[in-house]
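First the structure, in the form of structure tokens, and then the observations on it.
Laboratory data are not the source of any read-out in this text; all were calculated from the coordinates shown. The structure presented is a predicted model; accordingly, all values stated were derived computationally and were not measured. Using ideal geometry, Cβ is built from the backbone for each residue, glycine included, and neighbour counts are taken over all protein chains shown.
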Amino acid sequence: MKMKGYAMLGIGKTGWIEKDVPACGPLDAIVRPIAVSPCTSDIHTVWEGAIGERTDMILGHEAVGEIVEVGSLVKDLKVGEKVIVPAITPDWGSLEAQGGYSMHSGGMLSGWKFSNFKDGVFAEYFHVNEADANLARLPEGLDPAAAVMLSDMVPTGFHGAELADVQYGESVCVIGIGPVGLMAVAGAALKGAGRLFAVGSRPNCVEAAKAYGATDIINYREGDIVEQILEKTGGKGVDKVIIAGGDNDTFIQAVTMLKPGGRIGNVNYLGEGDFVRIPRAEWGCGMGHKTIAGGLMPGGRLRMERLAALLVNGRLDTSRLLTHRFQGFDHLEEALLLMKDKPKDLIKPVVIM
Ligand code: NDP
Ligand code: ZN
């Protein structure tokens, strides 16, 4: 049987293609999307060629869907159930997963399969490996559009707060307040940050950052962010930095604004360039106890279910991220191009099938 999908045809090129409906392995599921969202990572992948050449690969890794087929060894999930699909779907039996880094199962970043080295979710059907371990049931009453933010935006932003190891009362700076950075702000606030700086410029993102718990807004277009942070902290800097935007040189700013003993949690996807530079003196000549941690979001069912509990119990409202809603599969291209062009009023588009 054939299906339609929206694909990366090659670096810098996208379009509709036709492919066979994927086959279901014994542990796997085939899912029909209900709501999907394009990610800035799709933009790095297609237009920056960040992970190298890909030909006719269906894009997308953020979805809520309905199971249409399960393999013979799937014990729990059933056909017809609605599920949240994490962007990262590890191989749970791998040594990397056993070592605590499931997102790197099978090699660095290899837990990221959709729209990386297998077809993604912008299709009439898509394949999910290890269904019982990777899919989470969509809780009753949760809007699929709000829930699709659990695929990637919430787990990635929150991972920024985890990587930075935010503690009660600490001062935290989140650099970048697109949808990922906004979820980093929300995650840092839930983890107990005291003063919480948010760096961005688009007015709707700034408003959202305040709503998610930012206490101070820093506009990077209005002056050096390090100077602004140092001025607001009496020259001391912050305890933790979460990077969710900017470029390779953002690390220079992050290290400089960090107090000795501080931690940087990076979830930004560095799409270009060969090196990241660390400023020598500001890094304490190598002895400043300034730790840099960068990570791909963890996937898996347990984490998705826990994060979904935040929505169900009213601790987090993701609907605020959804500035553009489209109805119908055919709008996928429009939604993806919006993500590429980033108009001022955009935070995140969602396409309801
Ligand atoms: P957006 O492009 O929507 O947001 C980027 C943010 O960074 C905006 O707030 C922007 O400000 C700000 N920014 C841009 N340039 C600078 C600068 N020079 N200094 C400071 N801030 C700046 O991206 P997303 O939120 O969608 O995604 C963020 C990153 O996370 C992407 O690289 C994405 O690929 C990555 N990602 C990583 C994942 C992971 O698992 N690690 C998973 C998903 C995404 P402005 O207000 O002006 O727009
Ligand atoms: Zn993504």
Calculated FRET efficiency for the pair Glu18/Val276, C-beta based, R₀ 30 Å, to 0.05: 0.15
Find out how many positive minus negative residues lie around Phe326, taking Lys and Arg as positive, Asp and Glu as negative, among other residues whose Cβ is under 11 Å from that of Phe326. -2
How tilted is helix 153-163 with respect to the longest principal axis of the chain? Cα atoms for both, answer in degrees (0 to 90, nearest 10). 40 degrees
Find the eigenvalues of the gyration tensor of the Cα atoms of the range 279-353, then list the square roots of 5 times those eigenvalues as equivalent ellipsoid semi-axes, largest first, in whole angstrom. 35, 22, 13
Can you sort Cys285, Cys24, Cys205, Cys173 so the residue with the fewest Cβ neighbours within 10 Å comes first? Cys285, Cys24, Cys205, Cys173
Run the reach check for Lys344 against lysines, Cα to Cα strictly under 19 Å, same-chain hits fewer than 8 apart removed. What comes back? Lys210
What three numbers, in Å, describe the spread of the alpha carbons of the range 86-175 along their principal axes, ordered from the longest? 45, 37, 23
If you filter the range 266-353 for GluC sites (Glu not before Pro), then keep DSSP loop positions with at most 10 other Cβ within 10 Å, what is left? Glu272
Relative contact order for the range 156-294: what is it in percent, counting Cα pairs under 8 Å that are at least 6 residues apart? 25 percent
Relative to the Cα centre, what is the charge dipole magnitude of the range 156-294, using +1 at the beta carbon of each Lys and Arg, -1 at the beta carbon of each Asp and Glu, and rounding to the nearest 20 debye? 320 debye
Show the residues, 5+ positions off or on another chain, whose built amide H is closer than 5 Å to the amide H of Gly120. Ile58, Leu59, Ser115
For the range 172-187, what does the Karplus curve 6.51 cos²θ - 1.76 cosθ + 1.60, with θ = phi - 60°, yield as ³J(HN,Hα) per residue in whole Hz, taken in order and with x for Gly and Pro? 10, 10, 9, 9, x, 10, x, x, 5, x, 5, 6, 5, 4, 4, x
Could you compute the net charge surrounding Met183? Neighbours are other residues with a C-beta less than 15 Å from the C-beta of Met183; K and R count +1, D and E count -1. +3
At R0 = 51 Å the Cβ-Cβ FRET efficiency linking Arg315 and Leu9, nearest 0.05, sits at 0.80
Of the residues Met149, Pro179, Ala133, the Cα lying farthest along the dipole of the range 122-232 towards its positive end, which is defined by charges on the beta carbon of Lys, Arg, Asp and Glu, belongs to Pro179
For Val174, distant residues with modelled amide H under 5 Å away: Phe197, Ala198, Val199, Ile242
Could you go through the range 53-62 in sequence order and give the Karplus-derived ³J(HN,Hα) for each residue, using 6.51 cos²θ - 1.76 cosθ + 1.60 with θ = phi - 60°, rounded to whole Hz, and x for Gly and Pro? 6, 9, 10, 6, 9, 5, 8, x, 9, 10
Calculate one ³J(HN,Hα) per residue across the range 116-125 by plugging θ = phi - 60° into the Karplus curve 6.51 cos²θ - 1.76 cosθ + 1.60, and present them in order as whole Hz with x for glycine and proline. 10, 10, 9, 4, x, 9, 7, 8, 5, 9
Using DSSP loop states and a limit of at most 12 other Cβ atoms within 10 Å to flag trypsin sites (Lys or Arg not before Pro), what is the longest stretch of the chain containing no flagged site? 79-235
Starting from the amide H of Gly245, placed 1.01 Å from N in the peptide plane, find each other amide H under 5 Å away whose residue is 5 or more places distant or on another chain. Asn268
Assigned charges on the beta-carbon of Lys, Arg, Asp, Glu; the chain dipole about Cα centre (debye): 720 debye
How much net charge surrounds Met297 when only the other residues with a Cβ under 12 Å from the Cβ of Met297 are counted, with Lys and Arg +1 and Asp and Glu -1? -2
How would Val226, Val36, Val350 line up from fewest to most surrounding beta-carbon atoms within 10 angstrom? Val226, Val350, Val36
Taking only the alpha-carbon positions of the chain and ignoring solvent, what does the Debye formula give for the base-10 log of I(q)/I(0) at q = 0.06, 0.08, 0.10, 0.15 Å⁻¹? -0.21, -0.37, -0.58, -1.28
With 10 angstrom as the radius, rank Asp165, Asp20 by how many other C-beta atoms surround their C-beta, starting from the fewest. Asp20, Asp165
Mind giving me the nanometre distance, one decimal, between the label points for His289 and Lys2, set 7 Å out from Cα along Cα→Cβ? 6.4 nm
Cα gyration tensor shape for the range 1-159, rounded if a/c is under 1.5, else prolate or oblate: rounded
Counting only DSSP beta bridges with both partners in the chain, the antiparallel fraction in percent, to the nearest 5, comes to 55 percent
Pairs Lys240/Lys342; Lys290/Lys340; Lys75/Lys191; Lys13/Lys290; Lys4/Lys78; Lys118/Lys259: which exceed 31 Å Cα-Cα? Lys290/Lys340; Lys75/Lys191; Lys13/Lys290; Lys118/Lys259
Overall form of the range 156-294 per C-alpha gyration tensor (a/c, 1.5; a/b vs b/c): rounded
In a Gaussian network model over the chain where Cα atoms closer than 10 Å are linked, find which of Phe126, Phe275, Phe117 has the largest mean-square fluctuation. Phe275
